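**Student:** Structure incoming, see below.
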Amino acid sequence: MKLTFNALKSSRILTLLAVVAVFALTAGEAMAGLCVWRNPAGDINEIFGGGSYRTIVVNVGGKRSAIERAIGTSLDADETQLKFWPVTKNGTRVGTVATHLGKGDFGAIEVVVAIVDPPNGPAKVKEVRIQRDRERYRQQLRSATFLNQFDGKQAGSALKVGADITAAHPSAVRSSQVVALSVKKMLVAYEQLGIASR
């Protein structure tokens, strides 16, 4: 009887530990898709000439399949929520910033995408920045030569290395593709999730 009670007690403890572990993993996974914006004040000043921002966290939800069709690949499992930061200056919205964390050859590549809405056209990229990476060719990946290629791109643009984007370096094709996909994801999500009107 004592052995059975101890076995039952151990079984309950193991079950409780398993439930806690699953909860912790699920909560962490849900937050992993939310890439932080590391330098909002500096980016706003340099990209928009100043302003203020607010934070919007959006559940991808039922728009997931439409986003995936438009980007031509699946969203990562942790991309259940995305963050956007509408920027206002003198009471007028001047743009929106989105961040995305992609997986490069040597770790995470954190991409900042500044998006603007022209009066008579679809949303487009104002500027792309790399806020953190450990890539071997990071100087080329962060260069104006590479990043300026994204300026003016829209959700309908190919945004593919070898099509409308040239790799930052011949040996940095994969990391260049990561940046291009990050930009594509944020532009498509911006449109599909109706961020311009939020």
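**Student:** Only one of these conditions is not met by Val113: (1) surrounded by fewer than 18 Cβ atoms within 10 Å (Cβ to Cβ); (2) over 10 Å from Val178 (Cβ atoms). Which number is it?
**Tutor:** (1)
**Student:** Among Ser171, Ser157, Ser182, Ser197, which is the only one that is over 20 Å from Pro122 (Cα atoms) and either assigned by TED's automatic domain parsing to the domain that holds Thr80 or free of Cβ contacts under 8 Å to residues at least 40 places away in the same chain (or both)?
**Tutor:** Exactly one residue qualifies, and that residue is Ser171.
**Student:** I've got another one for you. Please find, within the stretch 138-149, the residue that is nearest to the chain's Cα centre (by Cα) out of those that are surrounded by fewer than 21 Cβ atoms within 10 Å (Cβ to Cβ) and of a type outside the set (A, V, I, L, M, F, W, C).
**Tutor:** Arg142
**Student:** I'm checking my understanding of the structure. Among residues of the stretch 42-82 that are in a loop (DSSP other than H, G, I, E, B) and more than 27 Å from Ala158 (Cβ to Cβ), which one is nearest to the chain's Cα centre (by Cα)?
**Tutor:** It comes out as Thr55.
**Student:** Here's something else I'd like to know. How about the stretch 83-104: which of its residues are surrounded by fewer than 17 Cβ atoms within 10 Å (Cβ to Cβ) and under 17 Å from the mean Cα position of the chain (by Cα)?
**Tutor:** Matches in the stretch 83-104: Lys103 only.
**Student:** Which of the following residues is small (Gly, Ala, Ser), farther than 16 Å from Val188 by Cβ and touching a Pro at 6+ places or on another chain (Cβ under 9 Å): Gly42, Gly95, Gly104, Gly51?
**Tutor:** Gly95
**Student:** I need the full set of residues from the stretch 36-93 which are in contact with a helix residue (DSSP H, G or I) (Cβ under 9 Å, 6 or more places away or on another chain), basic (Lys, Arg) and closer than 17 Å to Ala123 by Cβ, in order please.
**Tutor:** Lys63, Arg93
**Student:** Also, quick follow-up: Any idea which of Ala167, Ala180 is of a type outside the set (Phe, Trp, Tyr), surrounded by 18 or more Cβ atoms within 10 Å (Cβ to Cβ) and touching a Leu at 6+ places or on another chain (Cβ under 7 Å)?
**Tutor:** Answer to the selection: Ala180.
The values are calculated or read from the model by the stated rules, or taken from the named source; none is laboratory data. This structure is a prediction, so every number in the text was calculated from the model and none was measured. Cβ: placed from backbone, ideal geometry, glycine included. Neighbour counts: every protein chain shown.
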